Amino acid sequence: MGNTQRSAATTGVGPGASQSGPARMRAVVQHRYGPASVLELVDIELPVPGPGEVLVQVRAASIHPGDYFIMTGEPYLVRLAFGLRRPRHGIPGRDLAGVVAGTGKDVTDLRVGDAVFGWSTAGTLAEYACVPANQLVAIPAGLSILDVAAVPTSGITALQAMRDIAKVQPGQKVLITGASGGVGCFAVQIAKAMGAEVTGVCSTDHLDLVDSLGADHVVDYTRTDFTDSAERYDVILDSVETQPLEAVRRVLTPTGTLIPNSGRGGRWLGPIPRIAKARLLSVCTDQQLRPFTSFPKREDLLALADLLATGQLTPVIDRTYALDEAADALRHVASGHTRGKVLVAV
Ligand SMILES: NC(=O)c1ccc[n+]([C@@H]2O[C@H](COP(=O)([O-])OP(=O)(O)OC[C@H]3O[C@@H](n4cnc5c(N)ncnc54)[C@H](OP(=O)(O)O)[C@@H]3O)[C@@H](O)[C@H]2O)c1
């Protein structure tokens, strides 16, 4: 297994460690890239937090499409970052919420027993995860630990898209495709909180959901093609990209911002050709075509925690799977038809 976390075997410490041997935990691991069947639930040594790290007892981890790309190693481009022949980190998953079970040297602002949420690049589909303290935020009082596990990657992506890339202004018209998905549910609520007039595009089954998130208008993509609309939008977050860029641009204002945001695409390069095309088109138009890669930042997680605490943001949970059902959770996310976020409760 390629997990780089230090284990109790190497240090001899950690919750539950005894003189008879290091403490152990259950974790989902993968030894090679492939379909969800490559995932195994195994018993491994408990990791030990290094300097600046926190050992989190994971209560829930949320899954997003990127976890599926990393598990399969497709598009192949992901292998440049995550391991050429096999995944560098053997434990999948990135987002988590849980309780601090131990702290490494130099951690001053978190204590054992604190409820936290955040992200880890060393895997979260396990009973415990070692996470740098600066990738964790205290869970606001009154919020469910399961709900907040849904937030990190998708919430940060939605926040950065609306606030940093589109710079949404009050009164602007914002259209969001995939409005019922992991990113979309957050984006609709964040755009509303920023004072925009929001149109969500989703299927018939999800019209009520997107309406309940505060969208001013909801378009059923099974009946209406939003690119045929006479409306013009200042901002379009296109998380699905089922329409060509040219068609989507028709419903963008002359100086509007289009964010092509799907990670899906061809087997080798994924979304890269579309991103390149968007960048090229940007040169010859006043419309802003702004594909972007979200970057996790603690201050953005704190901003999201504020929105959660003030009730301006409510996570939508689709299904919650057990740790031994992690493969089913990944398969469901791969379907592209999730309703909000998919969780694995530990
Ligand atoms: N830029 C970044 O750094 C970044 C970060 C994270 C994620 N992403 C990308 O963002 C995209 C969205 O992620 P996600 O987590 O929200 O999950 P997702 O699986 O892409 O979206 C699922 C949602 O899309 C809806 N949908 C499917 N076809 C549709 C269509 N033709 N029109 C409108 N909605 C449609 C589904 O609803 P129905 O079931 O009703 O069809 C479902 O609710 C992914 O491609 C992901 O890779 C990018």
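The values are calculated or read from the model by the stated rules, or taken from the named source; none is laboratory data. Just so we're clear, the structure is a prediction, and the values are computed from it rather than from any experiment. Heads up, the Cβs are rebuilt from the backbone with ideal geometry, glycines too, and the neighbour counts pull from every protein chain shown. Heads up: the accessible areas ignore ligands, DNA and RNA and are worked out on the full protein's heavy atoms, side chains in. Shrake-Rupley method; radii C 1.70, N 1.55, O 1.52, S 1.80 Å.
General remarks:
- For the stretch 153-289, the solvent-accessible area works out to 43 Å² per residue, with a probe of 1.4 Å and every protein chain left in place.
- Using θ = phi - 60° and Karplus 6.51 cos²θ - 1.76 cosθ + 1.60, couplings along the stretch 65-80 (whole Hz; Gly, Pro as x): x, x, 4, 5, 4, 5, 5, 7, x, 10, x, 4, 3, 5, 5, 4
- Rounded to 5, percent antiparallel among DSSP beta bridges of the chain: 60
- Helical runs assigned H by DSSP (4 residues or longer) give the chain a calculated mean residue ellipticity at 222 nm of -6500 deg cm²/dmol, each run adding -39500 (n - 2.57) before division by the residue total.
- Note on the stretch 153-289: Rg/Rh from Cα positions, Kirkwood definition for Rh, rounded to two decimals, is 0.94.
- Between the amide H of Ile259 and those of Ile236, Leu237, Asp238, Arg290, distances stay under 5 Å, these residues lying 5 or more places away or on another chain, with hydrogens modeled in the peptide plane.
- For Lys192, the aspartates and glutamates whose Cα falls under 16 Å of its own Cα, not counting residues fewer than eight places away in the same chain, are Asp164, Asp211, Asp216, Asp234, Asp306.
- The stretch 331-339 - phi-based ³J(HN,Hα) in whole Hz, Karplus 6.51/-1.76/1.60, Gly and Pro as x: 4, 5, 4, 5, 5, x, 10, 6, 10
- Loop-resident sites, the stretch 305-346, for trypsin sites (Lys or Arg not before Pro), counting at most 14 other Cβ within 10 Å (DSSP): none
- Scanning residues 5 or more positions from Gly73 or on other chains, those with amide H under 5 Å from its amide H are Gly34, with H placed 1.01 Å from N in the peptide plane.
- Projected label distance in nm at Ser335 and Leu281, using a 7 Å step from Cα toward the beta-carbon: 3.0
- Residues in the stretch 280-294 carry Karplus couplings, in order, of 5, 4, 4, 5, 10, 8, 7, 5, 9, 9, 10, x, 8, 10, 5 Hz; the curve used is 6.51 cos²θ - 1.76 cosθ + 1.60 with θ = phi - 60°, and Gly or Pro positions show x.
- Amide H within-cut-off set for Asp114, under 5 Å, with H built and near neighbours excluded: Val100
- Förster radius 22 Å - calculated FRET efficiency between Lys105 and Arg26, Cβ distance, rounded to 0.05: 0.25
- Of every Cα-Cα pair in the stretch 61-204, the percent that sits beyond 25 Å: 41
- Options Gln30, His206, Met162, ranked by Cα towards positive dipole end of the chain, top entry (Cβ charges): Gln30
- Take the Cβ atoms of Thr253 and Ala81, set R0 to 25 Å, and the FRET efficiency comes out at 0.10.
- Placing dummy labels 7 Å off each Cα toward the beta-carbon, the span from Phe295 to Ser212 is 3.7 nm.
- Inter-probe distance in nm under a simple model that places probes 7 Å from Cα toward Cβ, at Leu245 and Glu40: 4.4
- Highest-fluctuation residue, Val283, Val316, Val42 considered, GNM on the chain with Cα pairs under 10 Å: Val283
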